[in-house]
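This report refers to the structure that appears directly beneath it.
The values are calculated or read from the model by the stated rules, or taken from the named source; none is laboratory data. Remember, it's a predicted structure, so these values are computed and weren't measured experimentally. As a convention, Cβ positions derive from the backbone with ideal geometry for all residues, glycine included, and neighbour counts pool all protein chains shown.
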Amino acid sequence: MNILLTGGSGYIGSHAAVVLAQAGHEVVIYDNLSNSRADVLERLGRILGQAPVFVHGDVRDAALLEQTLRHHRIDAVMHFAGLKAVGESVAQPLAYYDNNVIGSQRLLQAMQQCGVRTLVFSSSATVYGEPQYLPIDEDHPTGATNPYGRTKLHIEQMLADLAVSDASWRIACLRYFNPVGAHESGLIGEDPNGIPNNLMPFIAQVAVGRRPQLSVFGDDYDTKDGTGVRDFIHVMDLVEGHLAALNFLGGNAGWHAFNLGAGQGASVLEMVHAFEHASGRKVPYQIVDRRPGDVASTYSKADKAWQALGWRARRGLDEMCASTWRWQQADVKQKKESL
Ligand code: NAD
Ligand code: WQD
């Protein structure tokens, strides 16, 4: 199939490009490069043998979207494009609603105009808000606690309304928990601008010497070691789940939601120690105050994806950390070479 990856030069989209191309699909990356660099295409070319087609565009540009869908005879869309920083969304809610919600609405209108009705959407476990029970299954009540999560929830609901209005739509909302790790080549990975918000890239930057130490946001939670517990999932498992969802949609119309998680939790300190083991480097840290908005523990029940998609996460903490370390070392080298 010809598949359009909006936001496809980003962290998760670029890994999806690898898995989809290696599965025999034609991939077209559509990205405004607001949080990624075009040089990822050259690196994808080194992994795949040839770089995917790239369209430099914004999902809010309806005309360019339609032109792209028609010109490349797109059969399905994977929608990764979006702003994703919770803290930033609190400070700039309108930017998040414009980019994420309006952008998604423009994409859907263009798809409808062009007769493309198969969509895999990058949703987030953030739509569940505060966990009311654990593990979290797809029937857990939704109710986001920040503007970013609300944009994801609004998009999911827009997609559900669309599926009710037209039974020919085939939609999978994939609710990611905590994606980490990198492709085994070390050529692509998570490349956050500025100070990383998320745990894993911060640990990696401490291990490689870019930052002096990690601040652990609280060790007084009611968890195994007092630090936060999260459901970390290797990005390669995550994008293999996207391929499984696409295959599922081939035989199942309508709106579907699936958790993409490992189905178990690991603590912040467990991740620190796993990274030290994988990298052979110390990761100095200090315990500081809790981060506002954090929950003690959250992790998924991933049974529905296994039963419906035949997919489950297979890679453990060691590979998450080892692949991140390979990427972090190579990325530093790449940045030096490009200076
Ligand atoms: P990312 O920032 O690396 O990738 C997003 C890509 O979308 C970037 O390349 C950016 O340039 C592009 N983009 C943003 N707005 C755009 C627009 N208006 N038009 C075109 N391109 C645009 O982020 P990621 O980690 O790869 O996340 C991909 C998707 O998965 C996002 O929608 C995010 O909300 C979702 N998600 C991510 C996580 C996570 O922890 N990384 C967890 C849950 C959900
Ligand atoms: C993980 C744990 C922190 C950084 C976020 C978004 C969510 C999704 C995934 C987009 C927590 C602790 C972190 C640090 C720390 N993104 N931590 N020191 O908050 O579970 O989820 O990313 O959809 O929407 O909310 O991930 O990596 O920020 O934090 O101690 O420097 O690591 O307190 O317990 P989180 P995270």
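Pull up region 306-328, narrow it to residues that are assigned to a loop (DSSP other than H, G, I, E, B) and among the small types (Gly, Ala, Ser), then point me to the one that is surrounded by the most Cβ atoms within 10 Å (Cβ to Cβ).
If we filter region 306-328 for residues that are assigned to a loop (DSSP other than H, G, I, E, B), which is where we start, we get 310-316.
Now restrict to residues that are among the small types (Gly, Ala, Ser): 310, 313, 316.
Values: Gly310: 10, Ala313: 24, Gly316: 14.
Among those residues, the one meeting the criterion is Ala313.
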Quick one: in region 1-19, of everything that is in contact with a Gly (Cβ under 8 Å, 6 or more places away or on another chain) and among the small types (Gly, Ala, Ser), which residue is farthest from ligand 1 (Cβ to nearest atom)?
Ala17
Any residue that is at pLDDT 95 or above, more than 20 Å from Asn2 (Cα to Cα) and away from ligand 2 (no atom under 16 Å from the Cβ) - is there at least one of those in region 69-91?
no
Give the residues of region 272-305 that are closer than 29 Å to Arg175 by Cα and assigned to a loop (DSSP other than H, G, I, E, B), sorted by residue number.
Asp289, Arg290, Arg291, Pro292, Gly293, Asp294, Val295, Ala296, Thr298, Tyr299, Lys301, Ala302
Checking Arg175 against (1) in a helix (DSSP H, G or I); (2) within 15 Å of ligand 2 (Cβ to nearest atom), only one condition comes out false. Which one?
(1)
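Within region 234-269, take every residue that is of a type in the set (Val, Ile, Thr) and touching a strand residue (DSSP E or B) at 6+ places or on another chain (Cβ under 6 Å) and give me the one that is farthest from Leu159 (Cα to Cα).
From region 234-269, those of a type in the set (Val, Ile, Thr) are 235, 239, 268; that's our starting set.
Still in the running and touching a strand residue (DSSP E or B) at 6+ places or on another chain (Cβ under 6 Å): 235, 268.
Working: Val235: 24, Val268: 34 Å.
Within region 234-269, the match that is farthest from Leu159 (Cα to Cα) is Val268.
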Just checking, how many residues over region 1-47 are assigned to a helix (DSSP H, G or I) and not aromatic (Phe, Trp, Tyr)?
20
Under the condition of being in contact with a helix residue (DSSP H, G or I) (Cβ under 6 Å, 6 or more places away or on another chain) and within 16 Å of Ala63 (Cα to Cα), which residue from region 91-106 is surrounded by the most Cβ atoms within 10 Å (Cβ to Cβ)?
Ser104
Since Ala17 meets every condition but one in (1) surrounded by fewer than 20 Cβ atoms within 10 Å (Cβ to Cβ); (2) in contact (Cβ under 8 Å) with a residue 12 or more places away in the chain; (3) closer than 30 Å to Ser168 by Cβ; (4) not charged (D, E, K, R), which condition does it not meet?
(1)
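For the condition at pLDDT 95 or above, closer than 22 Å to Ser123 by Cβ and within 15 Å of ligand 2 (Cβ to nearest atom), what is the one hit in His273, His234?
On the way: His273 fails: closer than 22 Å to Ser123 by Cβ.
On inspection, the qualifying residue turns out to be His234.
Just to be sure, is Gly57 away from ligand 2 (no atom under 16 Å from the Cβ), without any contact (Cβ under 8 Å) to a residue 24 or more places away in the chain and of a type outside the set (Val, Ile, Thr)?
no
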